[in-house]
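The values are calculated or read from the model by the stated rules, or taken from the named source; none is laboratory data. This is a predicted model, so every value here is computed, not measured. Neighbour counts are summed over all protein chains in view; Cβ atoms, including those assigned to glycine, are modelled from backbone coordinates with ideal geometry. All accessible areas refer to the heavy atoms of the entire protein, side chains included, with ligands and DNA or RNA removed. Shrake-Rupley method; radii C 1.70, N 1.55, O 1.52, S 1.80 Å.
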Amino acid sequence: MGSSLDVARWQFAITTVYHFLFVPVTIGMSGVVAYFHTQWVRTHRPEYYRLTKFFGKLFLINFALGLVTGIVQEFQFGMNWSDYSRFVGDIFGAPLAFEALLAFFLESTFLGVWIFGWGRIPEKLHASSMWLTHVGTVLSAYFILTANSFMQHPVGFRFNPETGRAEMSDFLAVLTNKVQLVTFPHVVLSAYMVGGAVIMGVALWLLRRDHATDDAPMYRKAVRVGAVVSLVASLGVIVSGDVQGKIMTEVQPMKMAAAEALYDTTSNAPFSVLSIGPLDGSTATRVIQVPGLLSFLGTGDFNGTVEGINDLKVSERAMAEKVGQQYGPDVAALVQADDYAPIIPVAYWTFRLMMGAGFLTILLAAAALWVTRKNGVPQARWWTAVAVLTPLLPIAANSFGWIFTEMGRQPWLVYGLMTTATGVSPSVSVGEVWVSMVVYTLLYAALAVVEVKLFLTYVRRGAEPFEDPADHTDVPEDAPLQFAY
């Protein structure tokens with residue numbers, strides 16, 4: 001049955017990964033929909049109006065499901081992680097309040113204006129409402145990542161021995177945490193990569209289906225817009241990921257060592273594309289090794305030294321002892337762990353699956369751009385599989401990236417200050433956590449059915465015929481608002 005800690009960790013992993021399936025789609029698609037709407041206002045070409053309305057529907061479906069699944073996170077922290085919530089509450093309170101009062105208010109308010117504003121407000125203001133919605137999603141990501149970055153690299157705080165809590169001492173330092181400054185662009189660019197891929201995949205499927213109709217040029221345009229967004233964003237993901245890897249090696253060297261299952265400190269450390277055998281430092285055989293690449297990823301120098309897991313276990317235990325001496329017995333109890341290394345196979349494989357899915361997305365987006373040049377239409381049957389895979393691959397890459405980020409930090413819940421084992425709620429029983437996990441999982445399964453059915457239903461319908469919104473500007477001022485879809 002497992003301990004309450006084990007079940008609480010499984011519950012957190014399931015609900016968080018599920019919720020994050022929707023987040024990058026929301027951020028990325030809102031930007032592309034805003035672009036289509038702006039193009040409609042600039043050119044008044046019917047295809048842009050139809051693409052705005054069509055992909056706007058798909059965006060709204062995803063936004064609604066993301067909102068519902070995100071609410072569960074609040075319950076989880078209070079139910080299963082009360083000691084953790086109590087310890088970091090004074091730190092997380094400010095950025096999460098900004099996220100709720102500023103970012104979420106901005107995106108939800110102007111999304112409502114966008115939904116109900118067709119034919120009721122000036123068209124430039126109407127298009128701006130979707131851009132403001134997009135800005136709200138990006139700001140929301142920034143403030144949430146601020147909290148997560150504190151878990152990776154705690155800054156701007158002091159420990160209060162009377163309350164046993166970390167208290168904020170420098171809000172600006174928390175907002176400009178070096179981990180935050182590299183994580184935020186990486187996450188947002190990966191969201192653009194996802195949003196572009198969703199647009200491209202859906203449009204590619206419709207282009208193959210309707211290639212003999214008058215709608216083919218419109219879908220071809222959407223394919224190319226989505227592919228360009230995904231490709232340009234992917235270049236940013238690579239660059240920001242490289243910078244992030246070097247910061248990660250600086251503040252969490254164990255995570256970089258775990259990404260390669262590197263047990264001994266090494267100069268000119270290689271990076272393996274594949275390993276066969278156990279990743280315990282004994283008999284694993286590296287396949288397709290690139291000499292010096294791990295050193296470059298971690299230090300910027302192909303001959304740089306990367307610390308190994310064995311040495312880092314000793315140094316992290318020494319760090320924990322030093323923290324305990326500095327902050328007293330209350331914190332000393334929070335930093336004790338049996339093993340200061342994460343689960344190496346999880347860190348190793350999620351890092352490679354993240355990179356593999358990302359690079360495959362780049363390949364498919366480039367292929368789509370190539371085949372649709374000069375009014376081309378993909379004819380081979382395997383392009384249907386490409387249309388389905390293209391949105392799924394970057395979403396999977398995002399999920400693997402977050403699993404690596406969070407699992408690679410273990411056993412730390414807040415790096416150097418609190419281990420995961422000490423953050424779980426002491427009063428919650430194993431049975432209670434199991435019950436809540438079963439309820440959440442069943443709820444998420446039902447929501448998945450709703451999401452997929454709605455999404456596929458509207459995809460199959462395709463873009464609706466063009467109806468000039470100028471024909472509907474004579475709506476009486478006292479008429480009730482009606483949902484545009």
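So that you can scan it fast, the table gives a plain yes or no per residue for (1) in contact (Cβ under 8 Å) with a residue 40 or more places away in the chain; (2) open to solvent by less than 40 Å² (accessible area, probe 1.4 Å):
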{"position": "Thr133", "(1), (2)": "yes, yes"}
{"position": "Phe143", "(1), (2)": "yes, yes"}
{"position": "Asn160", "(1), (2)": "no, yes"}
{"position": "Thr163", "(1), (2)": "no, no"}
{"position": "Asn177", "(1), (2)": "no, yes"}
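Test Ala421 against the stated conditions and say whether it is outside any loop (DSSP other than H, G, I, E, B), without any contact (Cβ under 8 Å) to a residue 24 or more places away in the chain and open to solvent by 30 Å² or more (accessible area, probe 1.4 Å).
Answer is no for this residue.
State which residue pairs qualify: first residue closer than 24 Å to Thr213 by Cα and inside the range 374-402, second residue of a type outside the set (Phe, Trp, Tyr) and open to solvent by less than 30 Å² (accessible area, probe 1.4 Å) in any location, beta carbons under 6 Å apart, and separation of 6 or more residues or different chains.
Between residues of the range 374-402 that are closer than 24 Å to Thr213 by Cα and residues that are of a type outside the set (Phe, Trp, Tyr) and open to solvent by less than 30 Å² (accessible area, probe 1.4 Å), the close pairs are Val386/Leu364; Ala387/Gly201; Ala387/Leu204; Thr390/Ala197; Thr390/Met200; Thr390/Gly201; Thr390/Leu364.
Which pairs turn up if I take residues in the range 262-273 that are under 13 Å from Thr299 (Cα atoms) and look for partners that are among the aromatic types (Phe, Trp, Tyr) with beta carbon separation below 8 Å, at least 6 apart in sequence or on another chain?
Listed by first residue and then by second, the contacts come to Asn268/Phe302.
Can you tell me which of (1) touching a residue at least 60 places away in the same chain (Cβ under 8 Å); (2) open to solvent by 30 Å² or more (accessible area, probe 1.4 Å) is the one Ala197 doesn't meet?
(2)
For every residue, the table says whether it meets (1) open to solvent by less than 40 Å² (accessible area, probe 1.4 Å); (2) aliphatic (A, V, I, L, M); (3) at pLDDT 90 or above.
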| residue | (1), (2), (3) |
| --- | --- |
| Trp349 | no, no, no |
| Leu363 | no, yes, yes |
| Lys374 | no, no, no |
| Leu389 | no, yes, no |
| Ala396 | yes, yes, yes |
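Can you pull out every residue in the range 28-57 that is in contact with a helix residue (DSSP H, G or I) (Cβ under 6 Å, 6 or more places away or on another chain) and open to solvent by 30 Å² or more (accessible area, probe 1.4 Å)? Give the steps one after another, and end with the answer.
Residues of the range 28-57 that are in contact with a helix residue (DSSP H, G or I) (Cβ under 6 Å, 6 or more places away or on another chain), as a first pass: 28-34, 36-41, 47-49, 51-52, 55-57.
Across the range 28-57, the qualifying residues are Thr38, Glu47.
State whether one or more residues within the range 467-474 are more than 30 Å from Tyr48 (Cα to Cα) and either at pLDDT 90 or above or open to solvent by 80 Å² or more (accessible area, probe 1.4 Å) (or both). Full working, then the answer.
Within the range 467-474, the first condition is being more than 30 Å from Tyr48 (Cα to Cα), and the residues that meet it are none.
Within the range 467-474, not a single residue is more than 30 Å from Tyr48 (Cα to Cα) and either at pLDDT 90 or above or open to solvent by 80 Å² or more (accessible area, probe 1.4 Å) (or both).
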